[in-house]
Structures are given as structure tokens and as C-alpha cells.
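Data first, discussion second: the structure below is written as C-alpha cells.
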Amino acid sequence: MKTKGSRKNKVNIVTLGCSKNLVDSEVLLTQLRGNQIDATHESKNDDANIVVINTCGFIDNAKQESIDTILRYVDAKEEGIVEKVYVTGCLSQRYKDDLEKEIPKVDAWFGTRDLSRLLKQLNANYKHELVGERILTNPSHFAYLKISEGCDRPCSFCAIPLMRGKHISRPMEELVLEAKNLAKNGTKELLLIAQDSTYYGLDLYKKRNLAELLKRLSDVEGIEWIRLHYAFPTGFPMDALDAMAERKNICKYLDIPLQHGSTEILQLMRRGTTREKTEALLESIRERIPEIAIRTTLIAGHPGETQKHFEEMMSFVERSRFDRLGVFTYSHEENTHSYSMKDDVPDKVKQERVDRLMELQEGISLELNRAKIGKTYKVLVDRKEEGVFIGRTEYDSPEVDNEVILNSKDYLRLGDFVEAKVTSATEFDLNAEVT
Ligand code: SF4
């Protein structure tokens with residue numbers, strides 16, 4: 001950390017964890033600037049005298065990263081580089097009482113629903129008139145849109161409801177307003193995020209209202225891609241697929257974490273479904289949208305998972321041929337239902353199972369990518385790296401999915417769409433010629 005003098009009253013926001021946390025940091029940034037407070041996000045030159053760390057408390061690695069970041073800034077405070085260190089987000093929500101004792105040099109701790117109190121601490125007031133406005137911290141041509149907060153699901157391994165509370169849908173008017181403002185500022189791709197996006201509306205409108213929301217957002221001028229993340233399999237609203245089929249600017253893409261492929265483990269996980277029902281759902285989704293790209297995430301090593309259960313998951317992945325797959329090792333999280341079970345799968349075995357699943361997926365991904373050779377796709381140009389332009393098709397979400405390495409005679413503008421013909425493929429990337 002460079003030892004530069006601090007500039008008076010500048011706030012540096014540091015974000016850890018998921019895209020939902022990033023949106024919270026962007027909302028904080030927008031509110032601070034709306035109060036004429038000098039604020040920045042992830043400033044590298046450390047010229048801020050106040051640091052707000054928006055933490056993640058999901059699983060072990062993420063928690064450790066949050067604690068390391070807090071300690072780094074507490075050290076910076078000792079060295080006089082920063083004056084105030086404030087901590088917010090999931091880790092703070094979950095472990096505030098312990099952390100206050102363990103890291104007393106932090107000036108104050110805030111929860112995940114403490115924006116007003118945090119703003120007060122920073123000599124700012126919450127401005128309602130800024131609802132629907134958001135300063136983006138990633139390239140402005142794509143933006144995450146958080147459609148709800150919290151979760152009502154009982155998944156046995158998950159600590160998120162402990163940190164984010166009960167499910168609260170954001171009013172549709174507010175979301176449409178935010179989408180319009182983002183589009184006015186150049187956003188072309190909206191990524192819909194939540195803990196459980198398919199639950200949208202059940203609290204506020206007493207019905208699943210995701211399909212209606214998708215259509216309203218699809219009507220927003222300038223939005224060319226709408227991408228659906230964090231769907232939940234049980235009670236999946238098929239009318240959302242009708243909206244997807246009907247509207248060209250709703251990506252034929254679905255992120256639906258399924259967590260496991262064995263019925264016995266799905267029941268231990270309290271996912272409210274079975275392997276058979278999951279496979280039937282995947283089949284009906286593909287029937288409705290044949291070209292859809294399906295992303296999922298799985299957990300290996302949940303308490304009680306035997307070699308037999310794991311082999312069931314392997315055959316589930318083999319049969320389901322997901323377009324995109326992420327696999328995590330089970331993390332034994334206090335105060336979750338699974339914590340009452342014995343964490344009986346050794347870490348080494350957990351990791352071996354993750355590696356075997358990813359190896360299987362690499363083969364599937366390579367086959368699926370090779371089938372794209374010779375075809376032309378609409379590609380969103382995301383960035384330039386070592387002189388090469390890199391983009392994504394509608395089947396790829398930023399930061400987690402495949403990328404398209406573009407070969408172009410012309411100079412391309414970031415955030416533009418181009419047509420590109422695939423010339424070759426690897427497991428996780430496509431090479432394409434801009435036409
Ligand atoms: S739906 Fe997702 S966030 Fe909600 S409890 Fe289950 S795993 Fe956790």
C-alpha cells in the first residue's frame with residue numbers, strides 16, 4: 001500500500017463478494033456523491049482518509065478475504081494513511097458482536113440493511129430522490145439490476161438468509177426507472193440478480209411476477225440484452241420463458257443454481273426437489289427455448305454425501321450437458337441447518353470431487369463450443385487486452401462465463417455490438433472473425 005498523505009474527507013469504498021454487494025456499494029457511492037461528499041470505489045492510490053469495506057460472509061474463503069482486507073486497512077490506519085475504517089456487508093451483519101471485540105480498531109460496524117445509519121456516520125443523509133439512480137463501477141455498457149433482497153428458502157447449507165434476511169421484492173416501477181436511467185447512461189445489458197429471482201413478486205404482488213418484470217424491462221429503450229440470474233428450480237415460473245421466447249432482447253440464457261444431482265442429497269439440502277423433477281424441468285426449459293444456454297452451480301462434499309451420491313451427480317452432469325458450470329466445495333457454516341450434521345467428507349475428497357466434475361464439464365464445454373465453429377453471433381465488445389478485443393455472446397455472462405476473442409480489421413468501440421463468425425474454440429473461449 002503506497003504511503004501517500006491522506007486527502008481530507010474522501011471516502012474510498014471497497015467491495016468484496018458477489019454482484020449484489022457491488023450494487024450495494026454503487027448505491028452507497030451514489031448517495032454519498034448525491035450529498036456532495038467526495039467518494040470513490042476501489043481507489044488504488046489510497047488518497048482517501050475514510051474507508052468503507054463492504055464485506056462478504058458467505059463461505060470460509062470469502063470470510064477470510066474480508067478479514068484480511070479489514071486488517072490491511074486497520075494497519076493503514078495505524079500508519080496514518082487512513083483515519084477512519086468502517087465495515088459493512090454480510091460478514092459484519094453475521095459476526096458483528098465477535099468482530100467488534102476481535103478488531104477494536106475498526107471505527108464502526110454496519111449490517112446489510114444499515115445504509116441510512118452508515119450515511120449518517122459519513123455526514124450524509126439518505127436521499128429518496130436518488131432511488132433509481134446508480135453510479136456504475138464496472139464498464140457502463142452492462143449493469144447488474146438487483147430485483148429483490150433476502151431469501152425465504154430453507155436450504156440447509158446456506159447462511160445467506162442469516163445475513164440478508166427475508167425476501168423483499170423491489171417495486172416494479174422503481175426497477176423500470178432504474179433501468180431507464182441506466183440506459184440513458186449507456187447501459188445496453190441488464191443482469192437481473194437476487195438471492196432467488198424466481199420468487200420475485202410473491203411478497204409484493206402476491207404472485208410470481210418475474211415474467212411481467214422481464215417484459216417491462218424489455219420495453220426500456222436502449223436495453224438490448226436482459227440476462228436472468230439466480231433462478232430457483234422449485235416453483236419455476238414457466239411464463240418467464242414465454243417472455244424470453246417472445247422478446248428478442250431477453251437473452252436465451254438462464255442461470256439456475258441446482259446444487260446437487262442426487263435426490264437423497266437434494267433432500268438433505270432441503271431444496272424441495274428431486275433429481276427426476278430437476279431433469280424434467282431442464283427438459284421443459286429446453287423444449288420451450290431450444291437454443292437456451294443454461295448455467296448452474298453445484299456443491300460437492302455436503303455432509304452425508306457418499307461416493308455413490310457423488311457418482312449420481314457425475315452422471316447428472318453428464319446427462320444434463322450444462323453450457324456453463326461452477327462447482328464449490330461444501331463449507332460448514334455455523335447456524336445453518338447443515339451445521340448440525342457431521343462434516344464427514346474430508347476436504348481432500350471434497351476437492352477431488354470438484355476437480356472430477358470440472359474435468360467432466362471441460363469435455364462437455366469443448367464439444368458445445370466446437371459446435372459453434374462456422375456460426376455467426378452478435379457479440380458485445382467488453383474490453384481490449386494486450387491489443388486484442390474481447391467480448392461475449394448472449395450465452396455468456398460477464399466475469400463467470402465464456403469469452404469471444406475477436407479478430408477485427410477495424411478498431412472496435414467498447415460497449416458496441418458486432419457480428420462475428422466463430423473460427424475456432426477451446427473449452428472456455430471462442431475465437432471469432434468480426435464480419
Ligand atoms: S435460495 Fe440461494 S440464497 Fe436462498 S437459501 Fe437457498 S441457496 Fe441460499
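Annotations for the structure displayed:
- Expressed as a whole percent, the proportion of Cα-Cα pairs in the range 277-435 lying more than 23 Å apart is 49%.
- Solvent-accessible area per residue, Å², over the range 1-152 with all protein chains present [probe radius 1.4 Å]: 44 Å²
- Within the chain, helix-based [θ] at 222 nm, where runs of 4 or more DSSP H residues each add -39,500 (n - 2.57), nearest 500: -10500 deg cm²/dmol
- Placing a label point 7 Å from the Cα of Glu291 along the Cα-to-Cβ direction, the residues of the range 419-435 whose backbone N falls under 16 Å from that point are 419-422.
- With all protein chains kept in place, the per residue accessible area of the range 236-375 amounts to 44 square angstrom at a probe of 1.4 angstrom.
- Ratio of Rg to Rh for the range 210-299: 1.01 [Cα atoms; Kirkwood radius as inverse mean 1/r over pairs].
- Couplings 3J(HN,Hα) for the range 52-57, derived from phi with the Karplus relation 6.51 cos²θ - 1.76 cosθ + 1.60 (θ = phi - 60°), are 10, 9, 9, 8, 10, x Hz, where x marks Gly and Pro.
- Placing a pseudo-label 7 Å from each Cα along the Cα-to-Cβ vector at Glu276 and Glu433 gives an inter-label distance of 5.1 nm.
- Extension gain for Val176-Lys308 works out to 42.8 nm (0.36 nm per residue, less the C-alpha to C-alpha distance).
- Cysteines in the chain lacking a second Cys C-beta under 4.7 Å: Cys18, Cys56, Cys90, Cys151, Cys251
- For the peptides 85-96, 340-351, 102-113, the ranking by mean Cβ contacts within 10 Å, running from highest to lowest, is 85-96, 102-113, 340-351.
- In straight-distance terms, cross-link reach from Lys44 covers every one of the lysines whose alpha-carbon lies under 20 Å from its own, apart from those fewer than eight places away in the same chain; here that gives Lys2, Lys4, Lys8, Lys10, Lys77, Lys84.
- What you get for the range 115-237, charging only the Cβ of Lys and Arg (+1) and of Asp and Glu (-1), is a dipole of about 280 debye around the Cα centre.
- Modelled label positions at Glu100 and Met358, each set 7 Å beyond Cα in the direction of Cβ, lie 3.9 nm from each other.
- Rg and Dmax of the range 82-198, Cα atoms only, in Å: 16.5, 46
- Check: the chain dipole with +1 on Lys, Arg Cβ and -1 on Asp, Glu Cβ, in debye: 980 debye
- With eigenvalues of the C-alpha gyration tensor scaled by 5 and rooted, the chain, Å: 34, 28, 22
- Pairs with C-alpha atoms separated by more than 26 Å, drawn from the list Lys248/Lys409; Lys188/Lys384; Lys146/Lys248, are Lys248/Lys409.
- Where only C-alpha atoms are counted, convex hull volume of the range 231-278 per residue in Å³: 70 Å³
The values are calculated or read from the model by the stated rules, or taken from the named source; none is laboratory data. Please read all numbers here as calculations on a predicted model, not as lab measurements. Reconstructed Cβ throughout: ideal geometry from the backbone, glycine too, with neighbour counts over all protein chains shown. Remember, those area values only see protein heavy atoms, side chains included, never the ligands or the DNA or RNA. Shrake-Rupley method; radii C 1.70, N 1.55, O 1.52, S 1.80 Å.
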